[in-house]
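Undergrad: Dropping the structure in here first, questions after.
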Amino acid sequence: MHPENWIKTDKNGLYCQALNAYIDPVEGVEHAIITHAHADHARAGHTHVYATQATLDIMAVRYGVDHAQHFHPLAYGETLNLHKGQLSLHPAGHILGSAQVLIEYEGARLVHTGDFKRQADPSCEPFKAIPCDVFVTEATFGLPVFQHPNINDEVKKLIHSLSLLPDSCHLVGVYALGKCQRVLLALRALGYNKPVYIHGALVRLCELYKSYGVALGELIEVSTLDDLSVLKGEIVLAPPSALQDRWSRKLPNVITSVASGWMQIRARSKQRRAELPLIISDHADWQDLLTTLEEVKPKEVWVTHGREDALIHQAKLMGFKAKALRLVGYTDGED
């Protein structure tokens, strides 16, 4: 049976009749399959939640341990018979615990990627291409202009700026989940072994990553300091929302930086007032989207959100049937 007969979209998002479950629903539902714990994909209030253990742990940190009534953790590759079909989760390479959803029903295979990336990231399991009949993908950076550089090359810019401006505090805007930890790991990989100072909003998720064996190095919460002048010549990580508020104005000689895939767009960089934009994305860029289609070799490509039109056009040129689902409720950001 063709997946279009058992996959529907409605006000809550993408509903799979074969599993009697939604994938990343935008409101509370009875059965929710969660691809990853970013706020636009993982909401509280479901009756049953199916996700990796790491995703469930992150949701507990963000929403409380009672964010759902029943929890069903799945290991990567584990198959669960649910309603009339089979469900399994596979690495998406986006953030810790992120997963692609494989649904098998009546001889058909559908893969829903959630958000994903192909660049190396030691903070999570790498993306795995899963052959399928229908490939449901995001297209957050689905335009040819988006070609994401290596993260180490971008973080080297931060370290170089520190060497040029040793009396300045380098304040870097990073999303609390995924981006923060990835930047920390890149700093450590490049030999930056000094303590990194962090905003209080980043502490709990960094502690969770550490509990999963992710070595982030020494972190010091800014609020524990009696004298903020010690931050001259240091790196401070904070949520992007903190870069322009009163909290940041207390820091000495600030150089403002933002780590995001959107920093490739000059207007976005100016909007964020980023003096040192770092192009670091947790999503697939244009070439990685196309490479993934070539590896998966689906019969059809469905695009959930992002730059749908460009990717659909290119997919058709590559010989795939393609269409946009135009799901609402998902942001163009990374948290």
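Undergrad: Could you tell me which of the pairs LYS156/LYS232; LYS8/LYS117; LYS84/LYS117 are separated by over 22 angstrom between their Cα atoms in the structure shown? Mind dumping the intermediate values first?
TA: On the way: LYS156/LYS232 19 Å; LYS8/LYS117 26 Å; LYS84/LYS117 31 Å.
Over 22 Å apart, Cα to Cα: LYS8/LYS117; LYS84/LYS117.
Undergrad: Still on this structure, please answer the following. Quick check: the distance between the Cα centres of the range 296-329 and the range 171-200, to the nearest angstrom?
TA: So the two Cα centres are separated by 34 Å.
Undergrad: Considering only DSSP beta bridges where both residues belong to the chain, give the percentage that are antiparallel (nearest 5).
TA: 35 percent
Undergrad: Hey, any idea what % of the chain's accessible area is carbon plus sulfur with a 1.4 Å probe?
TA: 50 percent
Undergrad: Could you size up the charge dipole of the chain around its Cα centre, putting +1 on the beta carbon of Lys and Arg and -1 on that of Asp and Glu, and report it in debye to the nearest 20?
TA: 680 debye
Undergrad: For LEU237, which sequence-distant residues (separation of 5 or more, or a different chain) have an amide H within less than 5 Å of its own amide H, given hydrogens modelled in the peptide plane?
TA: VAL172, TYR197, ILE198, HIS199
Undergrad: Calculate one ³J(HN,Hα) per residue across the range 215-230 by plugging θ = phi - 60° into the Karplus curve 6.51 cos²θ - 1.76 cosθ + 1.60, and present them in order as whole Hz with x for glycine and proline.
TA: Once rounded to whole Hz, the list reads 7, 9, x, 6, 10, 10, 6, 4, 5, 7, 8, 7, 10, 6, 5, 5.
Undergrad: Let me ask another. With a 1.4 Å probe and all protein chains left in place, how much accessible area per residue does the chain have, in Å²?
TA: With the other protein chains kept in place, the chain gives 41 Å² per residue.
Undergrad: Distance between Cα centroids, the range 226-288 to the range 90-168: provide it in whole Å.
TA: 21 Å
Undergrad: Note down the magnitude of the dipole of the range 176-335 about its Cα centre, charges +1 on Lys and Arg C-beta and -1 on Asp and Glu C-beta and zero elsewhere, to the nearest 20 debye.
TA: Working: 22 positive and 19 negative charges, 80 e Å.
In debye, rounded to 20, the range 176-335 gives about 380.
Undergrad: Multiply the residue separation of GLU78 and ASP245 by 0.36 nm, subtract the distance between their alpha-carbon atoms, and state the gained length in nm to one decimal.
TA: Contour length minus Cα-Cα distance gives 55.6 nm.
Undergrad: Quick one: what do you get for the chain if you divide its Cα Rg by 2.2 N^0.38 Å?
TA: After normalising by residue count via 2.2 N^0.38 Å, the value is 1.02.
Undergrad: For the range 1-150, with the dipole built from +1 on Lys and Arg beta-carbon atoms and -1 on Asp and Glu ones, taken about the Cα centre, which of ALA37, LEU80, ALA60 lies farthest toward the positive end?
TA: Final value for the positive-end residue is ALA37.
Undergrad: On to the next question. Cβ neighbours within 10 Å, averaged per peptide: list 165-175, 190-200, 126-136 in order, most packed at the top.
TA: Order by mean packing, descending: 165-175, 126-136, 190-200.
Undergrad: Next up: Output the 0 to 90 degree angle, nearest 10, between the alpha-carbon long axis of helix 151-164 and the longest principal axis computed from the alpha carbons of the chain.
TA: The two axes meet at around 10 degrees.
Undergrad: For the range 12-112, with only Lys/Arg (+1) and Asp/Glu (-1) charged at the beta-carbon, what is the dipole magnitude about the Cα centre, in debye rounded to 20?
TA: 80 debye
Undergrad: Set Lys and Arg Cβ to +1 and Asp and Glu Cβ to -1, take the dipole of the range 198-335 about its Cα centre, and tell me which of ALA259, SER269, LEU231 lies farthest positive.
TA: SER269
Undergrad: Put +1 on the Cβ of each Lys and Arg and -1 on the Cβ of each Asp and Glu in the range 26-159; which of THR140, TYR50, VAL111 then has its Cα farthest toward the positive end of the dipole?
TA: Highest projection toward the positive end goes to THR140.
The values are calculated or read from the model by the stated rules, or taken from the named source; none is laboratory data. These numbers come from a predicted model, not from an experiment. Backbone-built Cβ (ideal geometry, glycine too); neighbour counts: all protein chains shown. Please note that ligands, DNA and RNA were not included when accessible areas were found on the heavy atoms of the full protein model with its side chains. Shrake-Rupley method; radii C 1.70, N 1.55, O 1.52, S 1.80 Å.
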